[in-house]
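Trainee: One structure coming up, written as structure tokens, with questions to follow.
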Amino acid sequence: MSSNSISSAAQSRIHQALDAFSIEIPSWGFSNTGTRFGKFLQPAAATNIEEKFADGGEVNRLTGATPTLALHVLWDLPNGVADVAKIQELAKTHNIRPGSINPNVFQEPEYKFGSICNPSAEVRQKATQHLIDSVEIGKALGSAEVSLWISDGSNYPGTQSMSRRIGWGKEALAAAHAKLAPGQTMLVEYKPFEPAFYHTDFGDWGMALEFARSAGPQAKVLVDTGHHYQGTNIEQIVAWLIELNALGGFHFNDRKYADDDLTLGSIDPYQIFRIFHEIHAAQANKQGFTAPAYMIDQSHNLKGKMEAMVQTVVTAQELYARAALIDQAELASLQDSCQLIAAEELFRGAFWTDVRPVVQEWRSERGLPADPLAELYKSGYVERIAAERGAKNAVGQSSYA
Ligand SMILES: [Mn+2]
């Protein structure tokens, strides 16, 4: 199908949508990762923060859509605020800004029974201080979001007080929220299970919303698309969070079973389309709606990391563009008159339209490579970094840092 079959009004909607769409890429998406059974080493994987910035900058050069790189405090700023100057220098060199700051309160042995929800006041204090340090790092870097994934929970009924842990978690988040600068947002992520298998303290969007609300006005909910039970209507959760002015951001990835961290749209592109539709609908219909932060949270064990990241960004743009095809006024009128088939066909028709020629045209108009993946292959970047890093990557590493 050529771009000729897309009306010029729809084409200009796509162009406008893509101009406003950027997506954050994660520093950890470029380093070696694995399964819980083992780590698979790739010769081109980034082995330090300099290489993560170089890779992130290259993805931004190819796509023009990834202006920020998410950072993990323990892995990327092991010396905390003392590493800020180095990060700023790397950002300048590689033309990609520091993005969300992600505290790490799940890796150290003292967090075995939880971090901010741990029964030990001493452990809670340590975890709370790490959140506060992360807020300070965010301030020093001028980064907009501090993104919290609290993995606390328990494995056996009766072994922990779910209700007392709520209070401990609230106390810690309020203490961290009190340190936020005016422009900073605290994002609260949720997940129903894993690493804990009986209860998770931040288990679903209702819990995350209550934690965010009790922390303060700058705290919002983060939706990780892989963090739901099978069959959950994620786009309805998105609609509710928009209604409540509580949608802070997304971690995009795809899955077949649980939190598989697969490439966005690889298993169910219609799911991502339906989420993007709720965003476009809010933009058309809700006064004062501000777009949430779009972020990628994926680890590629089998695919090449650079290739997978570029593929992900391109897929996100295509699905965002497809959702922009829907004429919101027309859809609303069909919905209100309960013309079910016509409404569904309008919706479904947008999903099935090949927008790639229009997206390529948009890229060319902005001086970007029309096909970022082809350009990556042509550039020889992956071969070059594999040669440079191969020896370092031949040695096993014990963490995701
Ligand atoms: Mn996530």
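Trainee: Determine the shape class of the stretch 1-150: with a ≥ b ≥ c the square roots of the Cα gyration tensor eigenvalues, call it rounded for a/c under 1.5, and otherwise prolate if a/b is greater than b/c, oblate otherwise.
Mentor: prolate
Trainee: Can you list the lysines whose alpha carbon is less than 23 Å from that of Lys179, not counting same-chain residues fewer than 8 positions off?
Mentor: Lys126, Lys139, Lys170, Lys220
Trainee: Please arrange Tyr294, Tyr229 by counting, for each residue, the other beta carbons lying within 10 Å of its beta carbon, fewest first.
Mentor: Sorted ascending by nearby Cβ count, the order is Tyr229, Tyr294.
Trainee: If you don't mind, another one. Return the sequence-ordered ³J(HN,Hα) values of the stretch 11-26 in whole Hz as given by the Karplus equation 6.51 cos²θ - 1.76 cosθ + 1.60 applied to θ = phi - 60°, using x for Gly and Pro.
Mentor: Result, rounded to whole Hz: 4, 6, 4, 5, 4, 4, 4, 5, 4, 8, 9, 10, 9, 7, 10, x.
Trainee: So how do 114-127, 59-72 stack up, highest first, on mean other-Cβ count within 10 Å?
Mentor: 59-72, 114-127
Trainee: In addition: Students often check this: by mean Cβ neighbours within 10 Å, which of 217-225, 98-106, 385-393 ranks highest, and how do the rest follow?
Mentor: By packing density, highest mean first, the sequence is 98-106, 217-225, 385-393.
Trainee: For a quick check: with amide H placed at 1.01 Å from N, whose amide H comes under 5 Å from Ala46's, ignoring anything fewer than 5 positions away on the same chain?
Mentor: Those lying under 5 Å, H to H, from Ala46 are Ser31, Asn32.
Trainee: I would also like to ask the following. When the helices in the chain are scored as -39500 (n - 2.57) per DSSP H run of 4 or longer and the sum is shared across all residues, what 222 nm value do you end up with, to the nearest 500 deg cm²/dmol?
Mentor: -15000 deg cm²/dmol
Trainee: Just to confirm a number: summing +1 for Lys and Arg and -1 for Asp and Glu over residues other than Asn79 whose beta-carbon lies under 12 angstrom from that of Asn79, what do you get?
Mentor: Surrounding charge for Asn79 is -2.
Trainee: Taking neighbour counts of Cβ atoms within 10 Å as a proxy for exposure, in what order, fewest first, do Ser154, Ser134, Ser379, Ser31 appear?
Mentor: Ordered by Cβ neighbours within 10 Å, fewest first: Ser379, Ser154, Ser31, Ser134.
Trainee: In what sequence do Ser7, Ser163 fall when counting other Cβ within 10 Å, fewest first?
Mentor: Ser163, Ser7
Trainee: Oh, and also: Please list 346-356, 240-250 highest first by mean number of surrounding beta-carbon atoms within 10 Å per residue.
Mentor: The densest-packed peptide leads the list: 240-250, 346-356.
Trainee: Using amide H atoms built in the peptide plane, which far-off residues or other-chain residues are under 5 Å from Leu187 H to H?
Mentor: Val146, Ser147, Leu148, Lys220
Trainee: Considering only the other residues whose Cβ falls under 14 Å of the Cβ of Lys92, what net charge follows from Lys and Arg at +1 and Asp and Glu at -1?
Mentor: Counting the neighbours of Lys92, the net charge comes to 0.
Trainee: Shape call for the stretch 276-401 from the C-alpha gyration tensor, a ≥ b ≥ c root eigenvalues: rounded (a/c under 1.5), prolate (a/b greater than b/c) or oblate?
Mentor: prolate
Trainee: What is the local net charge at Leu41, summed over the other residues whose Cβ is closer than 12 Å to its Cβ (Lys, Arg +1; Asp, Glu -1)?
Mentor: With Lys, Arg at +1 and Asp, Glu at -1, the neighbours total +4.
Trainee: Mind running the shape call on the chain? Use the C-alpha gyration tensor, a ≥ b ≥ c as the square roots of the eigenvalues: rounded below 1.5 for a/c, prolate if a/b tops b/c, oblate otherwise.
Mentor: Oblate shape, in that a/c is at least 1.5 and b/c is the bigger or equal ratio.
Computed from the coordinates by the stated procedures, all read-outs in this text should not be read as laboratory data. On a predicted model such as this, the values are computed, not experimentally measured, just so you know. As a convention, Cβ positions derive from the backbone with ideal geometry for all residues, glycine included, and neighbour counts pool all protein chains shown.
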